[in-house]
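One structure is given below, encoded as structure tokens.
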Amino acid sequence: MAQEAPSHWSVGKCSPFARLDCDRLGVRYAGRSGLGDCGTVLADRPVPRQCAAFYFEITVGRGGPHTRASIGLVGAAHDLCRQPGTVSRTSAGMRDTSVGGAARAIASQAGLAWRGVDGLLFRADDDGSNAGSDFGARFGPGDTVGCGLLVAERRAFFTKNGALTGDLQPVPPMGADVFAACSLHAPGDFAKACFSGPFQFDLASFVEARRRLAVARLATRRPTASVSASLVQQYLKRLELFRAPAGE
């Protein structure tokens, strides 16, 4: 059975320092900008695993004089009082020691996020590390920014005002479920989400370009008898994912 795509923010996955509007698309910051009081909210459903690409946008409102909004993807157990793309040091010390468990607790808290105030990209890996790196572009009030996931490639991408921003980013292990996330951390911060379109970014053309690239790469390969059937099947499955409508 096909998974339903996210349609709004989740009341149950909302920081105590964030307030959702009645439509559950708008979110407002309700904290004091202190350490550990980020207003993070996750989507109502995880990214569908069978879709070609998942994408959402937020428009940053004109609230206070400064804004500290972030957009990204996180695991199901992300700390809602922390910015996406970071993991608390306490959580970093937790490990899943069960048979076959490779730090699943940490993986479900991992994430990737782009922060507007300084243009940094934050990546919380499954080893509990938090790394902020220069992503270039900044965003703030009046900007519409987006975050997407190419499911087959396990790569994330970001957009600003309808244009692709930066390079595609490999996503850290996040566990079985990956959620869209938004975080606010300054008085007056407000953001409005769009999960179903219309988007400023031309998602359909982008997905088609990635599909064509995958086909071209496959055409340049010269399989030999040593190439296993399983590898061929994996490649074909990847192409089928790209043929699926992006919104499914």
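A short reminder: the numbers here are calculations on the coordinates, not readings from a lab. These figures come from a predicted structure and were not determined experimentally. Because the Cβ atoms are built from the backbone with ideal geometry, glycine has one as well, and the counts that use them run over all protein chains shown.
Structure values in brief
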{"item": "By average C-beta atoms within 10 angstrom, highest first, the peptides 170-181, 201-212, 154-165", "result": "170-181, 154-165, 201-212"}
{"item": "Counted charge near residue 83, where neighbours are those whose Cβ lies closer than 9 Å (Asp, Glu -1; Lys, Arg +1)", "result": "+3"}
{"item": "Exposure proxy ranking, count of Cβ atoms within 10 Å, fewest first, for 66, 185, 8, 78", "result": "66, 8, 185, 78"}
{"item": "From phi via Karplus (6.51, -1.76, 1.60), per-residue ³J(HN,Hα) for segment 143-159 in Hz, x at Gly/Pro", "result": "8, 10, 10, x, 9, x, 10, 7, 4, 5, 8, 6, 10, 9, 9, 10, 9"}
{"item": "Charge sum, other residues only, whose C-beta stays under 13 Å from residue 140's C-beta, Lys/Arg counted +1 and Asp/Glu -1", "result": "+2"}
